[in-house]
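Below you'll find the structure, written out as structure tokens, and then a few comments.
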Amino acid sequence: MRVFPWGFWLLCVASAPARGDSGSKARSCAEVRQLYGAKGFSLSGVPQAEISGEHLRICPQGYTCCTSEMEENFANKSRSEFEAMMKEAGRSVQAILTAQHRSFDSYFQDLLNKSEKALYDAFPSMYGELYTQNAKVFKDLYSELRRYYRSSNINLEEALNEFWTRLLERLFKLLNPQYHITDEYLDCMVKHAEQHRPFGEVPRELKVKATRAFIAARSYAQGFLVGSDVVRKVSQVSLSHECSRAIMKLMYCPHCRGMASVKPCNNYCLNVVKGCLANQADLSTEWKYLMDALMGVADRIDGPYNVDTVIGTIHMRIADAISNLQENKDSITSKVFQGCGNPKISTKGSSSEDKKRRGKVTLEAKSSAQALEMLVLDAKGNLTALKTYWITLPSSLCSKKVMSSSASDDKCWNGMTKGSYLPEVMGDGLANQINNPEVEVDITKPDMTIRQQIMQLKIMTNRLGNANIGNDVDFQDTSE
């Protein structure tokens, strides 16, 4: 509990000069008139010299250059200006997070596009009918991968399993054109596929590596968007009536008191802004967790779940799988016949297509590992800088926007006159504002919009935590 006596504070006020820091002669209001007009207000009714201030409801009631109408106009102006400061500060954070999302999204989409293009360019000459008659199967796979990355509600493992099943069914028929293979026969073959492993180890390895890489990538991209959206929504929260009065007293009462050149005391400014942004400061803990979680997944993306190695080589893994099937065609066919019986001989002639396509072609993937490394380094630098955003926001606004004086200055505006500011600076967050001397804050009524955004941060951090260990979590609409 503070030992600071209110009696002493009132004594300071009482001992302050009635006319700011000058003598008894009524001072000119030229500076205030100039400021008032610059703010877009009419100068009609604005005093030429100081008047008695009993009519004031926010500013100290000493001699003043402000009428009731001017005080009200200044109060509305200070409110809109402070809310604009908040939005401007928020937009700079949004811009950083959005830029990080855009950079990674562009990189990841480019990996997928290059892999798909390499497949389309090479497979026709490599596999002939094996590819041309099954082009839609490959196209559908990449479409499903993109849908998953964009947070569509699909199961990635099931999508990959479906791809290998469809591919096996079609290739088995093409590689055995002398047989009449029915859909029922294909169902039997698929049931035995796991033990025969027609594509070798590729499906299993791709499922493990691709799912981890995709889970990490989409959670990572989504994390930046959620963070940006939280900042946007929180920056739009309106000031309370009590806060609006405190901001007016901080920013424009010095002008009304004839002290236009006197800056607010830094600690005084901090108490006002900490009181006004008490709910916003409560975001800090979960915000830090989100930043840390994003950095953790960034390390996975450029490490164990390396998206450059995995995503950029999908076409090569598919090629290896098809080659394995071709090379072991006779053995695999024999095993299928043993388990499902011999299919009927087809009346159609045998094709020599696959014989002409047996030569194994080596595909190459252009590495973009260096680009990925730079992306991750840049992201981690920005995320580290943003970790303390919510608790450093008051000092940032006071020093850069309100232009407060230094903490040790004894010739600054302390809310009543020019002099030192004695009360202690409050802590961060709603609970610490119970004794704020500048803003009346009801600590029992947290802002619900901000509480909702705290929950969104928790949800996203949980998703990233699961992605960090390779677990998938269904994405939900964050507006719910």
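Listing for the model above:
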| read-out | value |
| --- | --- |
| Failed criterion for residue 185 (all others in (1) open to solvent by less than 10 Å² (accessible area, probe 1.4 Å); (2) of a type in the set (Phe, Trp, Tyr); (3) closer than 30 Å to residue 331 by Cα hold) | (1) |
| Qualifying residues in the stretch 246-296 (those that are within 19 Å of residue 66 (Cβ to Cβ) and charged (D, E, K, R)) - the one farthest from the chain's Cα centre (by Cα) | 257 |
| Any chance residue 78 is closer than 25 Å to residue 390 by Cα and either crowded, with 21+ Cβ neighbours inside 10 Å or free of Cβ contacts under 8 Å to residues at least 24 places away in the same chain (or both) | yes |
| Residue 264 being out of contact with any Cys (no Cβ under 7 Å at 6 or more places or on another chain) and not hydrophobic (A, V, I, L, M, F, W, C) | no |
| Where residue 130 falls short, out of the listed (1) surrounded by fewer than 19 Cβ atoms within 10 Å (Cβ to Cβ); (2) in contact with a Lys or Arg (Cβ under 8 Å, 6 or more places away or on another chain); (3) over 14 Å from residue 214 (Cα atoms) | (1) |
| Only listed residue being closer than 30 Å to residue 335 by Cβ and of a type in the set (Lys, Arg), chosen from 232, 197 | 197 |
| Tally of residues being assigned to a helix (DSSP H, G or I) and of a type in the set (Phe, Trp, Tyr) across the stretch 63-91 | 2 |
| Every residue from the stretch 435-454 that is surrounded by 13 or more Cβ atoms within 10 Å (Cβ to Cβ), more than 11 Å from residue 283 (Cβ to Cβ) and of a type in the set (A, V, I, L, M) | 439, 441, 443 |
| Search result, residues across the stretch 260-274 that are among the β-branched types (Val, Ile, Thr) and either open to solvent by 10 Å² or more (accessible area, probe 1.4 Å) or free of Cβ contacts under 8 Å to residues at least 60 places away in the same chain (or both) | 262 |
| Any hit, the stretch 113-133, residues being of a type in the set (Lys, Arg) and within 18 Å of residue 317 (Cβ to Cβ) | yes |
| Sole residue being more than 37 Å from the chain's Cα centre (by Cα) and modelled with pLDDT under 90, chosen from 49, 14, 30, 38 | 14 |
| Out of 290, 250, 277, sole residue that is open to solvent by less than 10 Å² (accessible area, probe 1.4 Å) and either polar (S, T, N, Q) or more than 28 Å from residue 413 (Cβ to Cβ) (or both) | 290 |
| Wholly within the stretch 333-433, helices (runs of 4 or more DSSP H) carrying at least 1 residues that are closer than 30 Å to residue 450 by Cβ and either at pLDDT 90 or above or touching a Leu at 6+ places or on another chain (Cβ under 9 Å) (or both) | 369-386, 389-397 |
| Residue check for residue 103: without any contact (Cβ under 8 Å) to a residue 60 or more places away in the chain, open to solvent by 40 Å² or more (accessible area, probe 1.4 Å) and of a type in the set (Ser, Thr, Tyr) | no |
| Selection count where residues are of a type in the set (Ser, Thr, Tyr) and crowded, with 21+ Cβ neighbours inside 10 Å, scope the stretch 58-74 | 2 |
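The values are calculated or read from the model by the stated rules, or taken from the named source; none is laboratory data. Note that the structure is a prediction, hence the values are computed from the model and not measured. So basically every Cβ, Gly included, is an ideal-geometry build from the backbone, and we count neighbours across all protein chains shown. All accessible areas refer to the heavy atoms of the entire protein, side chains included, with ligands and DNA or RNA removed. Shrake-Rupley method; radii C 1.70, N 1.55, O 1.52, S 1.80 Å.
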